[in-house]
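*Asks:* One structure follows; several queries about it will come next.
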Amino acid sequence: MKYNTLMPNISYRVTYAFDKKTTEEISELAQRWNISKSAAVRQAIHRTLEESKKRESRSPQEALKLLRESSSLTPGTGMRWMQEILHEREEDLSR
């Protein structure tokens with residue numbers, strides 16, 4: 001994904017307050033990407049919004065497939081978790 005790193009036409013000037021850590025992270029991104037801090041903030045916003053739109057446009061089946069692929073859950077682990085949950089429920093019911 002490529003973004004325009006040239007200064008866009010500025011339509012609005014705004015002021016935001018950031019904590020120290022966020023300010024340092026903006027500076028780090030600007031250095032890594034070799035662009036201004038303002039451009040780094042713009043690009044981070046654009047990338048985040050694009051990713052958010054991609055996630056929202058996924059079907060439930062696609063989301064489940066991605067979750068399964070990203071998980072290290074094995075059938076044995078799943079069964080063990082299920083047994084632990086059942087045991088906890090039984091304990092709760094006996095109280």
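Taken together, the values in this text are just the output of simple stated rules run on the coordinates, not laboratory data. Keep in mind that what you see is a predicted model, and the values were worked out from it rather than measured. Every residue, glycine as well, gets a Cβ built from its backbone with ideal geometry; the counts of neighbours run over all protein chains shown.
*Asks:* For the chain, with a Gaussian network of springs between Cα atoms less than 10 Å apart, report the residue from Thr22, Thr48, Thr77 with the top mean-square fluctuation.
*Replies:* The residue that fluctuates most here is Thr77.
*Asks:* Net charge around Arg32, counting only other residues with Cβ within less than 14 Å of its Cβ (Lys, Arg = +1; Asp, Glu = -1)?
*Replies:* My count for the surroundings of Arg32 gives -1.
*Asks:* Enter the angle in degrees (range 0 to 90, nearest 10) between the Cα long axis of helix 60-70 and the first principal axis of the Cα atoms of the chain, meaning the one along which they spread out most.
*Replies:* Computed tilt is about 90 degrees.
*Asks:* Which one of Ile45, Ile85, Ile35 has the biggest mean-square fluctuation once the chain is modelled by GNM with Cα springs under 10 Å?
*Replies:* Ranking Ile45, Ile85, Ile35 by mean-square fluctuation puts Ile85 first.
*Asks:* Running a GNM on the chain with Cα contacts under 10 Å, which residue among Ser71, Ser57, Ser27 ends up with the highest mean-square fluctuation?
*Replies:* Per the Cα network of the chain with a 10 Å cutoff, Ser71 tops the list.
*Asks:* Each label point is 7 Å from the Cα along the Cα-to-Cβ direction; what then is the distance between the points at Gln83 and Lys54, in nm?
*Replies:* 3.9 nm
*Asks:* Return the label of the correct value of Rg and Dmax of the Cα atoms in Å, as calculated from the structure shown, out of (1) 22.6, 68; (2) 22.4, 71; (3) 12.0, 36.
*Replies:* Evaluating Rg and Dmax of the Cα atoms in Å on these atoms matches (1).
*Asks:* Are there trypsin sites (Lys or Arg not before Pro) in the stretch 3-84 that DSSP puts in a loop and that have at most 10 other Cβ atoms within 10 Å, and which ones?
*Replies:* Taking the stretch 3-84 and a limit of 10 other Cβ atoms within 10 Å, the loop trypsin sites (Lys or Arg not before Pro) found are Arg13.
*Asks:* Would you work out the charge dipole size for the stretch 20-93 about its Cα centre, treating the Cβ of every Lys and Arg as +1 and the Cβ of every Asp and Glu as -1, and quote it to the nearest 20 debye?
*Replies:* 660 debye
*Asks:* Please give the net charge around Gln83, taking every other residue with its beta carbon less than 13 angstrom from that of Gln83, where Lys and Arg add +1 and Asp and Glu add -1.
*Replies:* Values: positive: Arg80, Arg89; negative: Glu84, Glu88, Glu90, Glu91.
The answer is -2.
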